[in-house]
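Enquirer: Quick one: the structure is below, and I'll ask about it shortly.
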Amino acid sequence: MQVKTFTAKDAPAAMARVKAELGGDAVILSTRKCAEGGRSWCEITAALDSPLPQAAPGDDALAAPAPGWGEWHREWDQIKAHLTALMRPQLDLGALAPRQRQALEHLEAEGVGEGAVMALAAALRADRQASILAPLGAMVAAAPMDARHWPQRLHAVAGPSGAGKTTTLLRMALACQQARPGARILLVNADAAQAKGRMFLKHYAELSGITFREAASPRDLAGVLAAGQKFDKVFLDLPPVGKGLTLDGYLKLLGLSERDDLAVHLVLSPLYAGAQLSSYLRAYKSPKTASLVWTKLDEACNYGDIVNAAYATGLPVSALSFGTGLRGTLVPAKAIMLWKLLFKHELPQSPIEEKRGRYAH
């Protein structure tokens, strides 16, 4: 995604600059009239959801993939599929204990990929008495979304459009407010292209007593974060990564790639096809991507992608989200919750229901 700010003496002149440089498909993120020292001008921030022109040698500020990068990945995916097909006959499930074999067959039915299944089978062959939860726990780790596991001050959510990242961000802020009464919380929207999401965040932030700020450009974001040093926690909504770009390059554009107090949580849903999930995992790969948050669990028919994503990225699951409400619908992930999802299709219990008690009719 290209994001750029244009200035001119008035709005028509600024719009002419936008169209001349970005074309007619540019999305206007913000329009602002400025005045200083008796001089006035118009400032327009616009975005274009397409790869930037090829940078000069040595300039990798946006880390745009080289031409043919997507095609290379598709070819590599095909090669891996063929290799897996050749190796599969060598996978002797008969050497496993019946309960081990039954668990692996269940995971296959859940949509767990062959690579992960073969890795689990290899770990189980060493001990016929071992539970599948031992190697599965090593493959799919849980790091609950709490202050002990995630002490960073700045938390950002990233993910594809429609995954539920804006709702997830608000749920995270509300959970932090409930866990730490009196904490100073800042909610920042950097996804200025989504007007509905921006109004959603602003509305509920005001109702909850959480400070809300907007950042339509990298310069705005730098100013908001500089002024937000007084806050205990800052929650940031990042725009979806445009086609052909990467999260790592986008973080560099926003000036966030070198921050030590930043944790990016990748929001995904188990509703994607396998090829689409693989594409998202490649696009959102970054040293700053710290965990996976799974949303819309109540809409899914299986949960094998929880294993597939963890196997492909090595990232822990930090939170699980379900339902349409804002409170009690995002729970810190625990290993037992993941196993109940995979083997029983049992959703995590809302913290609100746990407080009410089992017999509260």
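Enquirer: Give me the accessible area per residue for the range 131-286, probe 1.4 Å, as a whole number in Å².
Expert: Working: 6450 Å² over 156 residues.
Averaged over the residues of the range 131-286, the accessible area is 41 Å².
Enquirer: Working out 0.36 nm times the residue gap between M139 and A222, then minus their Cα-Cα distance, what length gain in nm do you get to one decimal? Don't skip to the end; give the middle numbers.
Expert: On the way: separation 83, 0.36 × 83 = 29.88 nm, distance 3.70 nm.
Answer, rounded to one decimal: 26.2 nm.
Enquirer: With an 8 Å Cα cut-off and a minimum separation of 6 or more residues, compute the relative contact order for the range 226-355 in percent. Working shown, then result.
Expert: Working: 150 pairs, mean separation 24.5, N = 130.
Reported relative contact order: 19 percent.
Enquirer: Ok, one more. Quick one: Karplus J couplings for the range 290-307, per residue in order, coefficients 6.51, -1.76, 1.60, θ = phi - 60°, nearest Hz, x for Gly and Pro?
Expert: In residue order, the calculated couplings are 10, 7, 10, 10, 9, 10, 6, 5, 6, 9, 8, 9, 8, 10, x, 5, 4, 6 Hz.
Enquirer: What FRET efficiency comes out for the pair S131/C301, r = Cβ-Cβ distance, R0 = 35 Å, nearest 0.05? Don't jump to the answer; show the numbers that get you there.
Expert: Numbers: r = 26 Å, r/R0 = 0.73.
The formula returns an efficiency of 0.85 here.
The values are calculated or read from the model by the stated rules, or taken from the named source; none is laboratory data. Keep in mind it's a predicted model, so treat the numbers as computed, not measured. Cβ sites come from the backbone with ideal geometry, for glycine too, and all protein chains shown count toward neighbours. All accessible areas refer to the heavy atoms of the entire protein, side chains included, with ligands and DNA or RNA removed. Shrake-Rupley method; radii C 1.70, N 1.55, O 1.52, S 1.80 Å.
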